[in-house]
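Only one structure is covered here, and it is reproduced in the block below.
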């Protein structure tokens, strides 16, 4: 056990660094916004201790306060970059130069022959050899994009991937962005343009651009994925569970569990995985390390059954339902899955490392947060209260559904924080740090937060990070069963003698719905309400008893809280009167199954809106509309889930079904 970890020592040294002047006088736009740059190679570059930004004072260096200010002024950088689904963007080069074409090619060729340069004369020209001097080891790393040169020195403290971006330093960033196509986004280009310092010298250009170098694809070793997963981005891979799998089984199969990656998947040799090292650093700097084998053999194993849900689940529904675009992956209802997890309690490991549990439980500890760091540079934190809660069930997990963790889901070790947003359940875990403040990670400070529907220029520091999740539900399967004559309550009219409400038969479309409901914080779902006529009337869905013991076997739901989802089903009938001409409704889109069955050949296709909402045991319920909870990141999209079911409502179709019903009557 050591008494001072190098990471914390580096932080203290970093705070002592003094200011330094900018190495190059250059025009600057407004304060730079931060961005999510998931680049580049899996291994981080080695920097000498004398040149490190965080390990030793260097005369003339910029103040870390300035770097922190730049990071703080990042606004929506990472959030906007975090897999934003926007139209094809225009790079700074494309914005200032004509689109490539025969005329431009001819002009470029002529310029090269005549050695003429029509670019902005106020900015200097640099030879590629000069740029190469500003590589990863330089005090001022530069990159090339197109034919322009950028000094990214001030960007590095705000970069969510840390110093990973230095893989491109001293050369062109374009080859990396051709792999990380997520960067081909207008927000990225706007941010990068603020670091422009000059152009590549005309003598080093070929057809107006510097030669591109071949680089290693960091995603080359990513695992294969099940073809049924609905891919949102390939590099990094982000894919949702198909709708059919969401309600078909209580535990989501590992291969169909939704995938949320921020970068590449670290490659860990299975033969040596038990030697995987976890470093635990206490608030006083005391450090203790555990191998995976230590965790498996020295601590009692625990199992919990828990949902993981991305904060952006149903973001697509928020965008469509509010009529306002949101920044981020446009998940439907499949960024959620349920699994059985096995590992050791975080609280047990912290106690073994020397953490004073009694002080923390009494609220007397200086430690307020537990930081998790992953092998690929991702980081997040949770409050210490959750981490050590005897009923909080926070695990360091090595097993998923009774199998070793799949690579996409954190192999060989990950945190599982049940009841909290999945962003806190850090994968590929290799570092735990106790602190008096939240993680400084970009994903903790500048993402996974919510703002008011009027806030488009946000103060990230003013909003708390999402921890516990609100109540959520979704329809995952719709099956139409044809027309029937169904009894419909006529309301308050009474029979003369019986005192009962009159009933009448009218055509209705049989429908079967199924889906899931979930609430964070260990709160149980107590009710799922459904409306089959656009909200005019409501009924309750059947909650499946998935957690009940069967044939003397233990319950599949393990843990101290209601960490799992509730699956529900409803068999009902949509009255003919609820069907209308199909509309481009923002809140409810036609269900795929009913859309196929109701091909509108004769103009008789009609649609009805069905909707559901859930309530938990604290009587929290879902908001009615996405408009009231819209936020620019599209997080926590929990409004009532609406779907249009469509059918052939022609008189002949309805009459034929009615005749069949009459034939069945005795």
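The values are calculated or read from the model by the stated rules, or taken from the named source; none is laboratory data. None of the values given here were measured: they were computed from a predicted structure. Cβ sites come from the backbone with ideal geometry, for glycine too, and all protein chains shown count toward neighbours.
Things worth noting here:
- Members of segment 536-585 that are at positive phi and out of contact with any strand residue (DSSP E or B) (no Cβ under 8 Å at 6 or more places or on another chain): 551, 552
- Here is the figure for segment 619-637: residues that are more than 16 Å from residue 329 (Cβ to Cβ) and in a loop (DSSP other than H, G, I, E, B) total 8.
- Residue count for segment 173-210, restricted to those that are closer than 28 Å to residue 234 by Cα and touching a residue at least 24 places away in the same chain (Cβ under 8 Å): 22
- Enumeration of residues in segment 301-324 that are assigned to a strand (DSSP E or B) and closer than 21 Å to residue 403 by Cβ: 302, 303, 304, 305, 306, 307, 308
- Residue within segment 263-270 that is in a helix (DSSP H, G or I), more than 19 Å from the chain's Cα centre (by Cα), farther than 30 Å from residue 474 by Cα and at pLDDT 95 or above present: yes
- Residues of segment 194-215 classified as surrounded by 13 or more Cβ atoms within 10 Å (Cβ to Cβ) and part of a loop (DSSP other than H, G, I, E, B), total: 6
- Note on segment 325-388: enclosed helices (runs of 4 or more DSSP H) holding 1 or more residues that are farther than 19 Å from residue 277 by Cβ, under 29 Å from the mean Cα position of the chain (by Cα) and at pLDDT 95 or above are 346-352, 384-388.
- Test: residue in segment 317-339 that is in contact with a strand residue (DSSP E or B) (Cβ under 7 Å, 6 or more places away or on another chain) and free of Cβ contacts under 8 Å to residues at least 40 places away in the same chain: no
- Within segment 554-568, tally of residues that are touching a residue at least 40 places away in the same chain (Cβ under 8 Å) and in a loop (DSSP other than H, G, I, E, B): 10
- Scanning segment 441-452 for residues that are over 20 Å from residue 329 (Cα atoms), in a loop (DSSP other than H, G, I, E, B) and in contact with a helix residue (DSSP H, G or I) (Cβ under 8 Å, 6 or more places away or on another chain) turns up nothing.
- Hits in segment 389-410 - residues which are within 20 Å of residue 444 (Cα to Cα) and touching a helix residue (DSSP H, G or I) at 6+ places or on another chain (Cβ under 9 Å): 394, 395, 396, 409
- Among residues of segment 434-443, those that are at pLDDT 95 or above and surrounded by fewer than 22 Cβ atoms within 10 Å (Cβ to Cβ), counted: 4
- Single residue of 656, 593 found to be modelled with pLDDT under 65, part of a helix (DSSP H, G or I) and surrounded by fewer than 21 Cβ atoms within 10 Å (Cβ to Cβ): 593
- Among residues of segment 456-481 being loosely packed, with under 14 Cβ neighbours inside 10 Å and in contact (Cβ under 8 Å) with a residue 12 or more places away in the chain, the one that is farthest from residue 519 (Cα to Cα) is 481.
- Among residues that are surrounded by 13 or more Cβ atoms within 10 Å (Cβ to Cβ) and either in contact (Cβ under 8 Å) with a residue 40 or more places away in the chain or not in a helix (DSSP H, G or I) (or both), residue 218 is included.
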